[in-house]
Amino acid sequence: MDSEDDMHDANDVESLDDDFYSGETGDVPLDYYSDYDDGADDYVDDGDESEMTRSEQNFTILKDSDIQQRQENDITRVATVLFISRVDASILLRHYNWNVSEVHEAWFANEEHVRRTVGLLEKPVVQFPNARELTCGICFETYPCSRIESVACGHPYCISCWEGYIGTAINDGPGCLMLRCPGPSCGAAVGQDMIDRLASHEDKQKYYRYLCRSYVEDNKKTKWCPAPGCEYAVTFDAGGGNYDVTCLCSYCFCWNCTEEAHRAVDCGTVAKWILKNSAESENMNWILANSKPCPKCKRPIEKNQGCMHMTCTPPCKFEFCWLCLGAWSEHGERTGGFYACNRYEAAKQEGVHDEAERRREMAKNSLEKYTHYYERWASNQSSRQKALADLHQMQTVHLEKLSDTQCQPESQLKFITEAWLQIVECRRVLKWTYAYGYYLPEHDHAKKQFFEYLQGEAESGLERLHQCAEKELQQFLNADGPSKEFNDFRTKLAGLTSVTRNYFENLVRALENGLSDVDSNGAASSKAMSSKNAASSSKGRGGRGKGTSRTSSSNKMSDDSNWHCEQCTYANTMSFNTCQMCHLQRR
C-alpha cells in the first residue's frame, strides 16, 4: 500500500491555551533533557531565558464590529486618496478583494481602464433632460420621472422593477455585491446607495451581511475561525513560520490549512493523515490481509474457524480449501485432512502462490503499521479531551475548594492551572508526532531512531506530569484541612511542568528542523551539539536555589574531538565516558 495514496477526518477539538512553543520556559529552565526525580532537587530557578523566547503575536481576532470598522476605514482611505464617493470606493474595493494598495496601484496606472472594468461611468450613456415621463426598460410601462430610477449609465427602470431585480439578486447570494445595470449590454455598477433606497429591510440585512463576510472571504490575509458556530475572523501577519492561532472562542487552529493546530508537523503531512483516516483504503487493506476471494463468485471470505473447509454464503455455496482455493471435493485425508493441505505446500514450493502471499503479507504489514500509529494518535486525542474536561473542572470547582482547604489564595494556585494547560498542549503535539512518525521513511534509520528517542523522552515526561496533576493532587482535594506536604507537591508539579515543557520544546524544534541534528551517517551534527549544550544548565539543589550555567567546551571542537552515542547519536566530548543525552555507557 502506498502510504501517500490513502488516509481520516480528525475531530476538531478545543484548545484553552495560547501557542506555548513560542513562549518562554518560565522561571525554571532545566538541563537539556535533565530528568526529574520525585524530590525537589532538580527544580532550579535560572535567570537565563530559554532559547525559545516568546515572539510577538502575529494574528488579530476580529469581531463583527471590528470587521465593519476596518471596512469603513478602508473605504474612507480610498475615497480620500482618489477623490471619489464612498459608494464608488466600496465598489472598487470589492472588485480588488479589499486590497487598498492594489486599488491605488491600478487606479493611478490607468484610471479609465479601471472605471470601465469596474463599472464606474463618468458620463451617462443615455440622457433624458426634459422628459416628464419615461418608459421602463423592463416592463415597458410609462411612468413619471419620480417613479423612475437609474444608475450612472442613465438607463431608466421603474421602482417596482428595480425592487424585484435587486431582491432577486440578493436572495441568490453574495453575487449581489457585484450587481450591474439590468441592461443587457450595460456594465454600470449598482452601488450601496441604490440598495439603501430600494431594497426591503430584510434584503438590506442580507446585503450588508454579505458585504461584511466578503471582507473576510475575499481578503487573502483574513479567514473565519473554523470552529462550529464561531463568528470571529482572524487576520494574519506573515512571518515567523508559526501558523498556530487561538481564537477568542478558545479553539486553536492552523491559519495556513484551517485544521486543528498541529505544530510542529507540516500541513502536507496533516492533510495526508486526515485523508488516510477518512479513506476506504484501510478497509480494503483489511479485506486483503484477512480474507480471500471465493474461487467461484469472487466475494471476499473471512476465515473464522480453524478448519480449512470453507463454504461460501448463498446463493453461491461453493465449498473450497482455504489454503489452495481448490474445490473441497478434491480434498480429503490424502491431501492432509481438514487442517492442512499438501497441495498448497507443493504449489507454494513451486512458486504458484508467491505473488498472492506477498501481496497479502504486504497488506498485513502496512495495516499493522497504520494501526500502531493510529491507535496512539487516537489515544492522545482522547487523553487531551479528558484533560480539557479536567482543566475546566479545576478552574470552575476545584481551585476554589483547594483554596479554602489549604488556606491559600487562588492566585497562589496558578501552578496547577499551568500544569493542566501544559498537559493539554503537549497531548496535542504528541498526537501529531505519531502522524509524523508514520510518514518518516523506513530506510532512514538514524532519523527514525533519533525521532523515536525524542518522542519517547517527551512522552515519558508528559506521563509523569499528567499522573502528578491527576492523581497526586487528589489527596489534597479530599483533605479536610491544610497539609504540610502541599508545598512539596507545589515544587514537584511546577518542576515537572518545566521539565515537560523542556522536553517538548526540543521535540518541536527537532521536527521543525526536519531532524537535521542527525547527519547522513547517523551522528548528531556539530550544530545540534552546540544548540543542545547551549540549552543545558546545571541542576540546582534545594528546589529554588540559583543554578549555574554549564556549557560544554565541545561547542568549539571539531567532530574529531567527539564520540557519538550508539543509541541516540548525540555528539559527546571525549572527556565523557557516559552519553550526556541518554546516559548510555561508552563502548
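Listed values, structure above:
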read-out: Kirkwood Rh in Å, taken over segment 152-248 so that all alpha-carbon pairs contribute; value: 15.7
read-out: Most to least accessible of D64, D172, D218 (protein chains only, probe 1.4 Å); value: D172, D64, D218
read-out: R464, R428, R197, reordered so the largest accessible area comes first (probe 1.4 Å); value: R197, R464, R428
read-out: For F128, solvent-accessible area (1.4 Å; no DNA, RNA or ligand), Å²; value: 100
read-out: Descending semi-axes in Å of segment 76-231, equivalent ellipsoid built from Cα gyration tensor; value: 30, 21, 11
read-out: Order by protection proxy (mean Cβ within 10 Å, highest first), peptides 121-127, 247-253, 229-235, 91-97; value: 91-97, 247-253, 229-235, 121-127
read-out: Quotient of C-alpha Rg and 2.2 N^0.38 Å, computed over segment 410-524; value: 1.31
read-out: Segment 90-154: proportion of alpha-carbon pairs further apart than 15 angstrom, %; value: 62
read-out: Sequence of S65, S329, S366 when ordered by accessible area, the most exposed leading, probe 1.4 angstrom; value: S329, S65, S366
read-out: Cut-off under 5 Å, modelled amide H: who pairs with L62 long-range; value: A233, V234, T235
read-out: Estimated translational D of segment 124-166 in µm²/s (Stokes, Kirkwood radius over Cα pairs; 25 °C; 0.890 mPa s); value: 238
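The values are calculated or read from the model by the stated rules, or taken from the named source; none is laboratory data. Here the structure is a predicted model, which is why all the values come from computation and not from measurement. When we count neighbours, we look across all protein chains shown, and the Cβ atoms used for this are built from the backbone with ideal geometry, even at glycine. Surface areas here come from the heavy atoms of the whole protein model, side chains and all, with no ligands, DNA or RNA. Shrake-Rupley method; radii C 1.70, N 1.55, O 1.52, S 1.80 Å.
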